[in-house]
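**Student:** Before anything else, here's the structure in question.
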Amino acid sequence: MIATTMELINIADAADALGDMILQSEQAVQYRECYKKLYTEESVKHKIVAFSRLKEQYEEVQRFGRYHPDYKRIMMETRTAKREMDMDEYVAAFRRAETELQQLLDEVSLLVARSVSEQVKVPGAGSIFSSGCGSCGSGGSCGCSA
């Protein structure tokens with residue numbers, strides 16, 4: 001019982017250390033900086049607020065589809081606002097940082113899972129690390145090239 005408790009404590013300590021390393025990684029630091037800029041730059045805040053308002057209207061219009069009287073107007077305004085928001089340099093930088101951080105987390109998840117067993121299913125591994133189905137976790141025994 002004591003050995004098991006000590007093992008669990010050691011695993012928890014190692015997990016905490018891994019979490020700290022991820023938080024201090026270049027990707028996490030960049031993500032936090034981009035997130036901060038995203039919500040402190042006035043021009044971006046206005047675009048986000050405008051898009052959020054239009055998104056609410058869009059969801060209301062979606063309930064009725066093209067039979068809603070403002071369907072075309074709301075659809076066009078929503079697309080335009082989303083394009084403006086997506087083209088903003090701060091939004092683009094945030095999305096890049098978010099993708100890089102997600103890739104780091106996916107790589108860490110894969111390494112931890114593979115250290116346990118090749119058959120462990122890993123969320124996100126299907127999209128980045130394998131060319132087959134990737135979600136089966138069978139190591140390719142289903143016929144995919146995972």
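**Student:** Kindly indicate which of G65, G143, G134 is modelled with pLDDT under 90 and in a helix (DSSP H, G or I). Lay out the reasoning, then the answer.
**Tutor:** Numbers: G143 fails: in a helix (DSSP H, G or I); G134 fails: in a helix (DSSP H, G or I).
Every option except G65 fails the conditions.
**Student:** Given Y35, Y39, which one is out of contact with any Leu (no Cβ under 6 Å at 6 or more places or on another chain) and under 28 Å from E107 (Cα atoms)?
**Tutor:** Working: Y39 fails: under 28 Å from E107 (Cα atoms).
Exactly one residue qualifies, and that residue is Y35.
**Student:** Any idea which residue in the range 108-120 is modelled with the lowest pLDDT, counting only those that are surrounded by 13 or more Cβ atoms within 10 Å (Cβ to Cβ), of a type outside the set (G, A, S) and closer than 12 Å to L18 by Cβ?
**Tutor:** V112
**Student:** Could you tell me which residue of the range 60-107 is surrounded by the fewest Cβ atoms within 10 Å (Cβ to Cβ), considering only residues that are within 30 Å of M21 (Cβ to Cβ) and aliphatic (A, V, I, L, M)?
**Tutor:** The initial filter retains those residues of the range 60-107 that are within 30 Å of M21 (Cβ to Cβ), namely 89-107.
Next cut, aliphatic (A, V, I, L, M) only: 91-93, 97, 101, 104-105.
Numbers: V91: 20, A92: 13, A93: 15, A97: 22, L101: 20, L104: 16, L105: 16.
Applying the filter and picking the extreme gives A92.
**Student:** Looking at the range 62-114 only, could you name the residues that are among the hydrophobic types (A, V, I, L, M, F, W, C) and within 21 Å of H46 (Cα to Cα)?
**Tutor:** Within the range 62-114, I74, M75, M76, A81, M85, M87, V91, A92, A93, F94 qualify.
**Student:** Also, I was wondering about something else. Quick one: what pairs do we get from the range 94-115, first residue of a type in the set (S, T, Y), second surrounded by 13 or more Cβ atoms within 10 Å (Cβ to Cβ) and assigned to a helix (DSSP H, G or I), C-beta under 9 Å, 6+ apart or different chains?
**Tutor:** Matching pairs, first to second residue: S109/A125.
**Student:** For residues in the range 1-36 being over 27 Å from Y90 (Cβ atoms) and among the hydroxyl-bearing types (S, T, Y), which is modelled with the lowest pLDDT?
**Tutor:** This residue is T4.
**Student:** Looking only at the range 20-28, decide whether some residue is part of a helix (DSSP H, G or I), of a type in the set (G, A, S) and farther than 30 Å from D106 by Cα. Walk me through it before giving the result.
**Tutor:** The first filter runs over the range 20-28 and keeps only residues part of a helix (DSSP H, G or I), leaving 20-23, 26-28.
Still in the running and of a type in the set (G, A, S): 28.
Applying the additional criterion that residues be farther than 30 Å from D106 by Cα yields none.
No, the range 20-28 contains no residue that is part of a helix (DSSP H, G or I), of a type in the set (G, A, S) and farther than 30 Å from D106 by Cα.
The values are calculated or read from the model by the stated rules, or taken from the named source; none is laboratory data. Predicted model, so just to flag it, every value in this text is computed and none were measured. Note that each Cβ is placed from the backbone with ideal geometry, even for glycine, and that neighbours are counted across all protein chains shown.
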